[in-house]
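Asks: The structure is given below, and queries will be raised subsequently.
The values are calculated or read from the model by the stated rules, or taken from the named source; none is laboratory data. Note that the structure is predicted; figures quoted are calculated from it, not measured. Every residue, glycine as well, gets a Cβ built from its backbone with ideal geometry; the counts of neighbours run over all protein chains shown.
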Amino acid sequence: MRTMSSLWLTWLCLAAISPIAAAEEVPPNVPPAGFTALFNGQDLSGWYGLATVRPAELAAMSAEARAERKAADTADALQHWRVENGELVNDGHGAFLTTEEEFGDIELIVEYKTVPLADSGIYLRGTPQVQIWDSTEKAKFDIGADKGSGGLWNNSAGSPGKDPLVRADKPFGQWNRFFIRQIGARTTVYLNGQLVVDHAIMENLWDPQRPLDPRGPIQLQTHGGEIRWRNIFVREIPPPEANLLLQAAGPGFVPLFNGRDLSGWQGAVDSYEVVDGAIRCQPHKGGTLYTQEQYDDFVVGLEFRTPPGGNNGLAIRYPGQGDPAYAGMCELQVIDTPGYPGQLDPRQTHASAYGMVAAHQGYLRPAGQWNYQEVTVRGSTIKVELNGTMILDTDLAQVTEFMADSPHPGKDLPKGYFGFAGHSDPVEFRNMRIKPLSGR
């Protein structure tokens, strides 16, 4: 098992490479190791035109209507985009240039050079945007232009990431370089080697009630003035690396599991085993395995892996007896939701507060892969962030309707144990750590 110090070391090594490298000069259109060039410096291969459209609206079109829309917007884009001296040039008008390929967790390097009064941005997963604009245009100071480029400008007012941490824009006539890392909705942006957005959640402008889509295209938005682009490179982040980066982003935790045995745990110890540094429920066994210590408010982070159709749960404020879904504050489902097509009530799907509140779906990795999840419990509220995306944010004190009309008498418990609610499947957990929030 990796210790927290080794997790931090791994993260520091990863973080020390890409942002610094991204601030260095490189030969035109020669990607750094591990990256792929999205623009070949010669033509628009791999790109098409797409004007502003909600992804859900596009997905709802017939294949024929979608193809017609794509052809019309691409024709428009070709009137305003050109390749010149290995640079991608836009005149400030036209449909946005859009990648044919869709992406999820990525690192992205983009260089741009623009002119006074221009206003642009980079859409991630088809959603606006990492902002680019004229930081000297006084007419836009009231909407943040004076703070500089790189912020997640379409985030809600006051939210982390909306305004850049520093103004890092270079003078007109010079090239600027972005390094962007996005894992789930968690987004980090460096502009010219300076951190401007630090691990902030990028909101879904198209549907604020839902998280950012798990995948989508990269788009280069432009309006108001010429902008030039070059050295557009992308690297997809594999799940194990994404998990490490997400874990390392949250200091202040203490381990819950030593990686060797069930010391510090009680309850159904005979139903669980330790295999390759992970706690695993034994097949055809169950019951609740829970900590020695009780917690009121806390954040817990862990990795989990389900087999196809695997089912378990996180016992939250468990009193030490009874069914954690009812006797405890709640059971947060840990389940291979796609393994039960059409069989689950929405309040039974992964990360849902069982029988009470449904979590957003579509962010779980395929069965057999490790996921990273953080749960924050404060008073009667629970937040669940899965693989970098917030999929549950609820107040159980407000719940009045229950699945099958079965009440949850423990939902208002102020304190209890943390544990795992086994349901006969070999679901695994590792790298568990917790941060008490009492007194904060």
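Asks: Kindly provide the set of residues from segment 357-385 that are outside any loop (DSSP other than H, G, I, E, B) and either charged (D, E, K, R) or closer than 14 Å to Pro240 by Cα (or both), ordered by number.
Replies: Asn371, Tyr372, Gln373, Glu374, Arg378, Lys383, Glu385
Asks: Could you pull out the residue among Glu331, Glu303 that is in contact with a strand residue (DSSP E or B) (Cβ under 6 Å, 6 or more places away or on another chain) and either in a helix (DSSP H, G or I) or buried (at least 24 other Cβ atoms within 10 Å of the Cβ) (or both)? Before you say what the answer is, go through the steps one by one.
Replies: Numbers: Glu303 fails: either in a helix (DSSP H, G or I) or buried (at least 24 other Cβ atoms within 10 Å of the Cβ) (or both).
Exactly one residue qualifies, and that residue is Glu331.
Asks: Only one residue in Val269, Val275 is closer than 30 Å to Gly410 by Cβ and surrounded by fewer than 15 Cβ atoms within 10 Å (Cβ to Cβ). Which one?
Replies: Testing whether each residue is closer than 30 Å to Gly410 by Cβ and surrounded by fewer than 15 Cβ atoms within 10 Å (Cβ to Cβ) leaves just Val269.
One line per residue, one yes/no per condition, for (1) surrounded by fewer than 21 Cβ atoms within 10 Å (Cβ to Cβ); (2) in a strand (DSSP E or B); (3) aliphatic (A, V, I, L, M); (4) touching a residue at least 40 places away in the same chain (Cβ under 8 Å):
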{"position": "Thr394", "(1), (2), (3), (4)": "yes, yes, no, yes"}
{"position": "Leu413", "(1), (2), (3), (4)": "yes, no, yes, yes"}
{"position": "Tyr417", "(1), (2), (3), (4)": "no, yes, no, yes"}
{"position": "Pro426", "(1), (2), (3), (4)": "yes, no, no, yes"}
{"position": "Arg433", "(1), (2), (3), (4)": "yes, yes, no, yes"}
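Asks: Continuing with the same structure: Looking only at segment 132-140, decide whether some residue is within 16 Å of Leu205 (Cβ to Cβ) and crowded, with 21+ Cβ neighbours inside 10 Å.
Replies: Here is the first cut: in segment 132-140, the residues within 16 Å of Leu205 (Cβ to Cβ) are none.
No, there is no match, as no residue in segment 132-140 is within 16 Å of Leu205 (Cβ to Cβ) and crowded, with 21+ Cβ neighbours inside 10 Å.
Asks: Return the total of residues in segment 168-213 being surrounded by fewer than 17 Cβ atoms within 10 Å (Cβ to Cβ) and either touching a strand residue (DSSP E or B) at 6+ places or on another chain (Cβ under 9 Å) or more than 19 Å from Val110 (Cβ to Cβ) (or both).
Replies: Counting residues in segment 168-213 that are surrounded by fewer than 17 Cβ atoms within 10 Å (Cβ to Cβ) and either touching a strand residue (DSSP E or B) at 6+ places or on another chain (Cβ under 9 Å) or more than 19 Å from Val110 (Cβ to Cβ) (or both) gives 11.
Asks: Restricting attention to segment 370-392, report how many residues are surrounded by 24 or more Cβ atoms within 10 Å (Cβ to Cβ) and hydroxyl-bearing (Ser, Thr, Tyr).
Replies: Looking only at that region, the number is 1.
Asks: Which of the residues spanning segment 307-360 are among the charged types (D, E, K, R) and farther than 17 Å from Val427 by Cα?
Replies: Within segment 307-360, Arg317, Asp323, Asp345, Arg347 meet the criteria.
Asks: Another question about this same structure. With the structure loaded, tell me whether Glu203 is out of contact with any Asp or Glu (no Cβ under 9 Å at 6 or more places or on another chain), of a type in the set (Asp, Glu) and outside the structural domain of Arg125 (by TED's automatic domain parsing) or whether it fails that test.
Replies: Details: out of contact with any Asp or Glu (no Cβ under 9 Å at 6 or more places or on another chain): yes; of a type in the set (Asp, Glu): yes; outside the structural domain of Arg125 (by TED's automatic domain parsing): no.
Taking the combined requirement at face value, the residue does not satisfy it.
Asks: In this structure, is Gly121 closer than 19 Å to Phe233 by Cβ, part of a loop (DSSP other than H, G, I, E, B) and out of contact with any His (no Cβ under 8 Å at 6 or more places or on another chain)?
Replies: Spelling it out, it is not the case that Gly121 is closer than 19 Å to Phe233 by Cβ, part of a loop (DSSP other than H, G, I, E, B) and out of contact with any His (no Cβ under 8 Å at 6 or more places or on another chain).
Yes or no, residue by residue, for (1) at pLDDT 95 or above; (2) assigned to a strand (DSSP E or B):
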site	(1), (2)
Ala168	yes, no
Arg177	yes, yes
Arg181	yes, yes
Gly225	no, no
Phe233	yes, yes
Pro240	yes, no
Asn243	yes, no
Gly252	no, no
Asp261	yes, no
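Asks: Scan segment 163-196 for residues that are among the aromatic types (Phe, Trp, Tyr) and closer than 18 Å to Asp134 by Cα and jot them down.
Replies: Selection gives Phe172, Trp175, Phe178, Tyr190.
Asks: Let me ask you something else. Among (1) at pLDDT 95 or above; (2) surrounded by fewer than 16 Cβ atoms within 10 Å (Cβ to Cβ), where does Thr98 come up short?
Replies: Failed condition: (2).
Asks: Only residues that are hydrophobic (A, V, I, L, M, F, W, C) and touching a Lys or Arg at 6+ places or on another chain (Cβ under 7 Å): list them for segment 280-299, please.
Replies: Of everything in segment 280-299, those that are hydrophobic (A, V, I, L, M, F, W, C) and touching a Lys or Arg at 6+ places or on another chain (Cβ under 7 Å) turn out to be Phe298, Val299.
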